[in-house]
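Down below is the structure, laid out as structure tokens.
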Amino acid sequence: QVTLKESGPGTLQPSQTLSLTCTFSGFSLSTYGLGVGWIRQPSGKGLEWLANIWWDDDKYYNPSLKNRLTISKDTSNNQTFLKITSVDTADTATYYCVRIGVTSRISFDYWGQGVMVTVSS
Amino acid sequence: DIQMTQSPSSMSASLGDRVTITCQASQDIGNKLIWFQQKPGKSPRPMIYYATNLADGVPSRFSGSRSGSDYSLTISSLESEDMADYHCLQYKQYPLTFGSGTKLEIK
């Protein structure tokens, strides 16, 4: 059974660094063709892709966030991490992690429940 | 970046209606498109992958199709449980991009 769960600070202040963790089970990032992605959604708005990390440590980022993103993984402990530097109120959103795969059938198939992050002074 | 123009942004339909939502891709995405359903307070759920393939557990009244650069999600006979937001995602090219979403309401 595949599960993912995000965790984060809840609230942080502008200019701080947001650190998010995705803890998953039911698959491994040592498996060829699998990865984890991060997506966010401001309340009442659409979805925005942020970053992907793959089994081979290949990483991809959304350039709209101007180099503020860092994605990493701990394969042994089934976790991925996303850091966003210099946050401001526009980063207030629900953040999701999702399983991705090189095969379409298993890409974006399992999502975490999401974690709400509020940036406020 | 590939732009995904999703329409309509919202719609209201009656139970039993046939409903179609469309995403137009600004460049060729070669069927690399997923449709998601999202209910209030919930995570997105994949409904259609690779443009036309039904995801596991999705009712057969849902279908996906392609005509040129237009990708469509169709519900053949609307049921009350289909009230939700729907999103498309292209995964042909980075950065991955979503459509702006469609809010589907029941009349």
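The length gained by stretching the chain between residue A:120 and residue A:28 to full extension, at 0.36 nm per residue less their Cα-Cα distance, is 29.6 nm. When you have a sec, figure out the Kirkwood radius of chain B from all distinct Cα pair distances and drop it here in Å to one decimal? Every distinct Cα pair counted, the radius reaches 13.6 Å.
What is the Cα centroid distance between the range B:90-107 and the range A:1-48, reported in whole angstrom? Distance between centres, Cα-based: 19 Å.
Restrict the search to the range A:32-94; then list the trypsin sites (Lys or Arg not before Pro) that DSSP places in a loop and that have at most 15 other Cβ atoms within 10 Å of their Cβ. Walk me through the intermediate numbers first.
Working: sites: A:40, A:45, A:59, A:66, A:68, A:73, A:83; in loops: A:45, A:66, A:68.
Taking the range A:32-94 and a limit of 15 other Cβ atoms within 10 Å, the loop trypsin sites (Lys or Arg not before Pro) found are A:45, A:66.
For chain B, a Gaussian network of Cα nodes joined below 10 Å ranks B:33, B:96, B:54 by mean-square fluctuation, and the top entry is B:96. Remark: the range A:59-102 is approximated by an ellipsoid whose semi-axes, taken from the C-alpha gyration tensor as √(5λ), come to 21, 12, 11 Å, largest first.
Distance check, please: which entries in A:45/A:73; A:5/B:42; A:73/B:32; A:5/B:32 exceed 22 angstrom between their Cα atoms? Mind showing how you got there, number by number?
Working: A:45/A:73 28 Å; A:5/B:42 13 Å; A:73/B:32 26 Å; A:5/B:32 26 Å.
Those over the limit are A:45/A:73; A:73/B:32; A:5/B:32.
Taking chain B as a Gaussian network of alpha-carbon nodes connected by springs under 10 Å, the highest mean-square fluctuation of the residues B:56, B:85, B:28 belongs to B:56. Ranked from largest, the principal axis spans of the Cα set of chain A equal 42, 25, 25 Å.
Treat the protein assembly as shown as a sphere of radius equal to its Kirkwood radius over Cα pairs and apply Stokes-Einstein at 10 °C in a medium of 1.306 mPa s; give the translational diffusion coefficient in µm²/s, rounded to a whole number. Don't skip to the answer; put the middle values down first.
Working: Rh = 18.0 Å.
My calculation gives 88 µm²/s for D.
If you look at the Cα atoms of the range B:44-101, you get an Rg and a Dmax of 11.8, 36 Å.
Values quoted throughout were computed directly from the atomic coordinates according to the rules given, and no laboratory measurement underlies them. Not measured: the values here are computed from a predicted model. Here Cβ is always computed from backbone atoms with ideal geometry, including for glycine, and neighbour counts include all displayed protein chains.
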